[in-house]
Amino acid sequence: MQEPNPSRIVVMTAGGTNPQVMINALAKHFPDLHVIEEQPESKGTLLRRRARRFGWFTAFGQLATMVASRLGKRFAARRTEEIIRDYGLSAASNGTIPVTHVPSINDPACLAAVTALKPRAVFTISCRILSPATLAAIPCPVINFHAGINPMYRGQMGGYWSLVEQDGGNFGATVHLVDNGIDTGGTLYEKRLKPSPRDSIATYPLLMTAACLDISVQALEDAIAGTLRPRQPQGPSSLRFPPPVWTWLYHGLTKRIW
């Protein structure tokens, strides 16, 4: 087996504004950066999986919140532009960064691309969970950007839940190694920050992405240097999901947490 490329980084994502901001920033630090972009998971597949876990009523409620969040991005456009401008970033597509399109990061085509590219590290952001088989076959560290502080706010919408639970001191993001669990791998770096009153579930992840570029870069530099130092985060562990739309409306109307 050939040795990994000493400075090549592969980013796995399903695309979107937040990942593009991250990709553009990483490309400035790692010129030999490649992107593997998967097709987003269909709403129907997501809904059926949630229904198996929570029942159809709650699953539809969670889907309604996700739809509301997407629609909310239109109303949050000014705040989105402000975050990107204040941090000196760009969300524009960069044609100089090579992109390989695959059906899923768990498809054999993805693993074939990683095998051919021989990266020093893989960085995941806003994509499916790697299957145990795919993860085991990747011969380099896999690092994830998670918009939440582990282990208390694993899963989705960690920033939102920290505010709802009056735990604003743990509003932040974690960069961690990927293992077979959901956001359970060893923490490499984490950062806490304070959102603006004008932020919401439509902008929390972007704010975290923009504010935590430095720890993402540092984790990848550590991977290239072979100096990764993961640690097991302390505290209660809780897997989070989007709130059903009635829960979201309740906290929005009573606590102004949207």
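If you filter the range 138-147 down to residues that are over 20 Å from GLY16 (Cβ atoms) and touching a residue at least 40 places away in the same chain (Cβ under 8 Å), you find that the one that is surrounded by the most Cβ atoms within 10 Å (Cβ to Cβ) is PRO141.
The set of residues from the range 1-47 being modelled with pLDDT of 95 or more, of a type outside the set (Val, Ile, Thr) and in a helix (DSSP H, G or I) comprises ASN18, PRO19, GLN20, MET22, ASN24, ALA25, LEU26, ALA27, LYS28, HIS29.
Residue by residue, here is whether (1) of a type outside the set (Gly, Ala, Ser); (2) modelled with pLDDT of 95 or more; (3) more than 19 Å from the chain's Cα centre (by Cα); (4) part of a helix (DSSP H, G or I) holds:
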{"residue": "THR115", "(1), (2), (3), (4)": "yes, yes, yes, yes"}
{"residue": "PHE123", "(1), (2), (3), (4)": "yes, yes, no, no"}
{"residue": "SER126", "(1), (2), (3), (4)": "no, yes, no, no"}
{"residue": "PRO139", "(1), (2), (3), (4)": "yes, no, yes, no"}
{"residue": "ASN150", "(1), (2), (3), (4)": "yes, yes, no, no"}
{"residue": "GLY159", "(1), (2), (3), (4)": "no, yes, no, yes"}
{"residue": "SER162", "(1), (2), (3), (4)": "no, yes, no, yes"}
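Kindly establish whether THR65 is touching a helix residue (DSSP H, G or I) at 6+ places or on another chain (Cβ under 8 Å), of a type in the set (Ser, Thr, Tyr), crowded, with 16+ Cβ neighbours inside 10 Å and part of a helix (DSSP H, G or I). Criteria met by THR65.
Only one of these is touching a helix residue (DSSP H, G or I) at 6+ places or on another chain (Cβ under 8 Å), part of a helix (DSSP H, G or I) and without any contact (Cβ under 8 Å) to a residue 60 or more places away in the chain: LEU135, LEU111, LEU71. Name it.
LEU111
Condition check: touching a residue at least 60 places away in the same chain (Cβ under 8 Å) and closer than 21 Å to VAL21 by Cβ. Does MET157 satisfy that? Yes: the conditions hold for MET157.
Output the residues belonging to the range 7-26 that are over 14 Å from the mean Cα position of the chain (by Cα) and farther than 23 Å from ALA109 by Cα.
The answer is ASN24, ALA25, LEU26.
The set of residues in the range 187-217 that are assigned to a loop (DSSP other than H, G, I, E, B) and basic (Lys, Arg) comprises LYS194, ARG198.
Hey, can you tell me all the residues within the range 218-231 that are in a loop (DSSP other than H, G, I, E, B) and surrounded by 11 or more Cβ atoms within 10 Å (Cβ to Cβ)?
Kept after step one, since they are in a loop (DSSP other than H, G, I, E, B), are these residues of the range 218-231: 226-230.
If the condition is that a residue be in a loop (DSSP other than H, G, I, E, B) and surrounded by 11 or more Cβ atoms within 10 Å (Cβ to Cβ), then LEU228, PRO230 are the ones that fit.
Given the residues PHE30, PHE75, PHE60, which is the only one that is surrounded by 15 or more Cβ atoms within 10 Å (Cβ to Cβ) and farther than 30 Å from LEU220 by Cβ?
One residue alone meets the criteria, PHE60.
The set of residues in the range 148-161 being surrounded by 24 or more Cβ atoms within 10 Å (Cβ to Cβ) and touching a Gly at 6+ places or on another chain (Cβ under 7 Å) consists of GLY148, ILE149, GLY158, GLY159. Scanning the range 238-258 for residues that are part of a loop (DSSP other than H, G, I, E, B) and either under 16 Å from GLY155 (Cβ atoms) or not aliphatic (A, V, I, L, M) (or both) returns SER238, PHE241, PRO242, PRO243, PRO244, ARG256, TRP258.
For VAL175, the stated conditions hold: it is without any contact (Cβ under 8 Å) to a residue 60 or more places away in the chain, part of a strand (DSSP E or B) and touching a helix residue (DSSP H, G or I) at 6+ places or on another chain (Cβ under 8 Å).
The values are calculated or read from the model by the stated rules, or taken from the named source; none is laboratory data. Keep in mind the model is a prediction, meaning the values are calculated, not measured. Heads up, the Cβs are rebuilt from the backbone with ideal geometry, glycines too, and the neighbour counts pull from every protein chain shown.
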